[in-house]
């Protein structure tokens, strides 16, 4: 019989993880933060580690042992308590800071290379002359075809500020490889990439996360829209996984009325930790009707904001039930600059609701909701109605499992199955548009970008033919004759997606989202509600 062998490090990692199955807590003392097992008694963990370090027969790397143990400890807790090793902190915090250090491209794997689908404005790559449609085949000494996934690519393209990476690029129409020496720099991340008018009276703002710069971005976008005469505002929180609480607080304060409660937190002994209220005397959005768009991936700080708007009857929440993350993580830096994000309390909406979902089935929650039909019907999910909460106007609301919208809209079916799903799921629209850019232009300039969309759409039928030919080259099985009816039905959606990607290449994010949102049922329903004043107001009444 074959016996599986373990290294000494693995043996002790397994042993210590078993030891830690009991209860433990983190304690804060005057001396600092330490680990204390079994409700404050002397740490058994530290005693065992000391024994191993001082007396074990083989030399053990205690730091490596600790790195193995800590993640397993947190598996015994809630799904959001996390250990972040020092080397991962930069990537973990980049969205919060609103920037990261890299070269400034978006890419997609294509034919054993990286297809550049977008170069960020004023980024190192843009300044060096790398274009959408270029194929990166080698970075320094690493052949791209040897990399297995995007994580491997990130380790090459990201790095310290002012460090260099040499890129070898194949450009359409150029026989030899082009070589670029790129110096990495800070790359800004726009947490509010778009703010535009959907009609003369309605503005739209997309918030992708709540970072350090989001509040100021929100103020600027909202002021610009108000100057154009809007009376209604759609705030898109779909796919917004959260971020900084104080940023969500500040934005909510510009929407709610002075003195309104935004959120409060409760600690382990059911003691209220703190309550956050709106203290702004003249909120920027005071005279605007508000609709927030939400979906399954709306989480944490986004749920705080949408819950506050709902409970204070300040606007309508439209879409699908949100994620259900109502736990507070406190970041605690350890001596080696690694980080623990420890759950220390729970969020509650102004009416007293917790929106945290159950821990059981966390990993399969998305597929469970699909199977139950939750993305198609408001009645597929039933809240616990044994405890009723009331909004400021007296409307009934319930807790647990996220924030339920005031007005349910089924998910956009266009991209969930069929041919359009096939085309979208493999990023074909962005790949095709980038390749078109590379074919049309061998250099980049303001004049080039100005006429890109116009030139691209000179002949829409030829553009569609080229697109479906490209799909075939990318091994997407399409029978033009057999699928003729479906192709005809999705024609306008295909053109809108290509146009959106073309504007994205041009760094025109307002038009990118404008065309991306065309035909979307969430946006269409929001517009209809704003146009029906009596219906809008009735939804805010008991």
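The values are calculated or read from the model by the stated rules, or taken from the named source; none is laboratory data. Treat the numbers as computed from the prediction; the structure is a model and nothing was measured. Don't worry about glycine lacking a Cβ; one is built from the backbone with ideal geometry, like all the others, and counts go over all protein chains shown.
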Among residues of region 388-413, those that are closer than 16 Å to residue 320 by Cβ and more than 30 Å from the chain's Cα centre (by Cα), counted: 0
On the given criteria, is residue 177 in contact (Cβ under 8 Å) with a residue 40 or more places away in the chain, buried (at least 17 other Cβ atoms within 10 Å of the Cβ) and not assigned by TED's automatic domain parsing to the domain that holds residue 247? no
Consider region 375-394. How many of its residues are surrounded by 11 or more Cβ atoms within 10 Å (Cβ to Cβ) and in contact (Cβ under 8 Å) with a residue 24 or more places away in the chain? 10
Using the structure shown, decide if residue 304 is in a helix (DSSP H, G or I), in contact with a helix residue (DSSP H, G or I) (Cβ under 9 Å, 6 or more places away or on another chain) and buried (at least 19 other Cβ atoms within 10 Å of the Cβ). yes
Residue in region 218-238 that is in contact with a strand residue (DSSP E or B) (Cβ under 9 Å, 6 or more places away or on another chain), buried (at least 22 other Cβ atoms within 10 Å of the Cβ) and modelled with pLDDT under 95 present: no
Selection over region 243-265 where residues are modelled with pLDDT of 95 or more and not in a loop (DSSP other than H, G, I, E, B) yields a count of 12
Considering only region 522-535, I want to know if a residue exists there that is touching a helix residue (DSSP H, G or I) at 6+ places or on another chain (Cβ under 9 Å) and surrounded by 19 or more Cβ atoms within 10 Å (Cβ to Cβ). yes
Single condition residue 253 does not satisfy, out of (1) surrounded by 15 or more Cβ atoms within 10 Å (Cβ to Cβ); (2) touching a residue at least 24 places away in the same chain (Cβ under 8 Å); (3) in contact with a helix residue (DSSP H, G or I) (Cβ under 9 Å, 6 or more places away or on another chain): (3)
Under the condition of being part of a loop (DSSP other than H, G, I, E, B) and in contact with a strand residue (DSSP E or B) (Cβ under 6 Å, 6 or more places away or on another chain), which residue from region 131-154 is nearest to residue 434 (Cα to Cα)? 132
Determine the pairs where a residue that is over 18 Å from residue 509 (Cβ atoms), located within region 118-129, has a partner that is surrounded by fewer than 21 Cβ atoms within 10 Å (Cβ to Cβ) and at pLDDT below 90 with Cβ atoms under 7 Å apart, the partner being 6 or more residues away or on another chain. 129/444
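Results for (1) at positive phi; (2) modelled with pLDDT of 80 or more; (3) out of contact with any helix residue (DSSP H, G or I) (no Cβ under 9 Å at 6 or more places or on another chain); (4) surrounded by 13 or more Cβ atoms within 10 Å (Cβ to Cβ), shown as yes or no for each residue.
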{"position": "35", "(1), (2), (3), (4)": "no, no, no, yes"}
{"position": "52", "(1), (2), (3), (4)": "no, yes, no, yes"}
{"position": "81", "(1), (2), (3), (4)": "no, yes, no, yes"}
{"position": "87", "(1), (2), (3), (4)": "no, no, yes, no"}
{"position": "93", "(1), (2), (3), (4)": "no, no, yes, yes"}
{"position": "106", "(1), (2), (3), (4)": "no, yes, no, yes"}
{"position": "109", "(1), (2), (3), (4)": "no, yes, no, yes"}
Does region 317-337 include one or more residues that are touching a residue at least 40 places away in the same chain (Cβ under 8 Å), at positive phi, part of a loop (DSSP other than H, G, I, E, B) and buried (at least 18 other Cβ atoms within 10 Å of the Cβ)? yes
